[in-house]
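Asker: Provided herewith is a single structure, encoded as structure tokens, for subsequent inquiry.
Each reported figure results from applying straightforward, stated rules to the coordinates on display, with no laboratory input. What you are looking at is a predicted structure, and each value in this text was computed from that prediction instead of being measured. Heads up, the Cβs are rebuilt from the backbone with ideal geometry, glycines too, and the neighbour counts pull from every protein chain shown.
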Amino acid sequence: MRFQQTSLDGAWIIDLEPIRDDRGFFSRTFCIKELSTHGLETNFVQHSLSFSARRGTLRGMHFQVPPHGEIKIVECVKGAIWDVIIDIRSQSPSFGQWTSVELTADNRRQLYIPSNFAHGFQTLTDNVEVRYLISAFHEPSAARGFRHDDPAFAIPWPLPVSVMSEKDRAWPDFAQHLEARQ
């Protein structure tokens, strides 16, 4: 496994290192020893799967407020997504900044997302499956989000949005989230 720090403090891209032969390949997708070497979380109490049927589906921007924050490792196992994370840790040097990573079944990349980051993605193909390793149990009362088209970030989503939940459409702007924290 190769670890590449993103432009956001504490967020990592994890590339697999397949060992190939005439049968195909074998690769580790999770290794406590390697994650620990980089000072990353190794205890993931939930493993989840999301399926999106249509290209252009947008999920996000989601997070859980402390003390129920979640660290996630996300990978696309079928199809392709444009994954976006935003650092919403007020004391972080990368506070308010976002980055994106294309995760596909072909590139087999993973994205390590620290706690107190907002996360969302848009499907680039039909029939997408995304797997999550999650460090904390989901707490519905701690679930929060903000709009995918929030002007504070001006994220240029690659496709027109074809499908989005009503809940995701109704999230407030990030500025309202900041006001609520004060």
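Asker: In whole Hz and in residue order, list the ³J(HN,Hα) couplings for the range 78-94 that follow from phi through the Karplus curve 6.51 cos²θ - 1.76 cosθ + 1.60, θ = phi - 60°; x for Gly and Pro.
Answerer: Going residue by residue, I get 8, x, 7, 9, 10, 9, 10, 10, 10, 6, 10, 8, 4, 8, 7, x, 10 Hz, with x marking Gly and Pro.
Asker: Can you compute the FRET efficiency between Ala105 and Ala152 using 1/(1 + (r/R0)^6), with r the Cβ-Cβ distance and R0 = 25 Å? Round to the nearest 0.05. Write down the numbers at each step before the final one.
Answerer: Values: r = 32 Å, r/R0 = 1.28.
After rounding to 0.05, the efficiency reads 0.20.
Asker: Further question on the same structure: In nanometres, what is the gap between the two model label sites at His138 and Thr29, each 7 Å from Cα along Cα-to-Cβ?
Answerer: Here the answer is 1.9 nm between the modelled labels.
Asker: Something else now. Relative to a virtual label point 7 Å from the Cα of Leu159 in the Cα→beta-carbon direction, which members of the range 125-148 show backbone nitrogen distances below 13 Å?
Answerer: 125-129, by backbone N distance to the label point.
Asker: With each pseudo-label sitting 7 Å past Cα toward Cβ, what's the Ser36-Ala180 distance in nm, one decimal?
Answerer: Each label point is offset 7 Å from its Cα along the Cβ direction, giving 3.8 nm.
Asker: Under a straight-distance cross-link criterion of Cα-Cα below 28 Å, which lysines are reachable from Lys33, leaving out those fewer than 8 residues away in the same chain?
Answerer: Within reach: Lys72, Lys78.
Asker: Within the range 62-94, name every residue whose backbone N is under 17 Å away from a label modeled 7 Å from Cα of Val45 along the Cβ vector.
Answerer: Within reach of a label on Val45, which here means backbone N under 17 Å from a point 7 Å along Cα→Cβ, the range 62-94 contributes 64-73.
Asker: Is it possible to state the helix-based mean residue ellipticity at 222 nm for the chain, with each DSSP H run of 4+ residues giving -39500 (n - 2.57), the sum divided by total residues, to the nearest 500 deg cm²/dmol? What is it? All intermediate terms of the calculation are to be shown ahead of the outcome.
Answerer: Values: 3 runs with 18 residues, N = 182.
After summing the helix terms and dividing by residue count, I get -2000 deg cm²/dmol.
Asker: Positive end of the dipole of the chain, charges at C-beta (+1 Lys, Arg; -1 Asp, Glu), about the Cα centre: which of Phe121, Ala175, Ile19 has its Cα farthest in that direction?
Answerer: Ile19
Asker: Whole-Hz ³J(HN,Hα) for each residue in the range 21-27, computed from phi via Karplus 6.51 cos²θ - 1.76 cosθ + 1.60 with θ = phi - 60°, x for glycine and proline: what do you get?
Answerer: 8, 5, 7, x, 8, 9, 8
Asker: Return a whole-number percent for the relative contact order of the chain, with Cα pairs under 8 Å and 6 or more residues apart as the contact set. Walk me through the numbers on the way to the answer.
Answerer: Working: 406 pairs, mean separation 52.0, N = 182.
Taking the mean separation of contacting Cα pairs over the length of the chain, I get 29 percent.
Asker: Considering the zone a paramagnetic label at Thr125 would reach in this model (a point 7 Å from Cα along the Cα-to-Cβ line), which residues of the range 153-179 have amide N under 20 Å from it?
Answerer: Once the point is set 7 Å along Cα→Cβ of Thr125, 158-163 turn out to lie under 20 Å by backbone N, inside the range 153-179.
Asker: Find the percent of Cα-Cα distances in the chain that exceed 26 Å, and round it to a whole number. If you can, show how the numbers build up before the last one.
Answerer: On the way: 4633 of 16471 pairs.
Roughly 28 percent, once rounded to a whole number.
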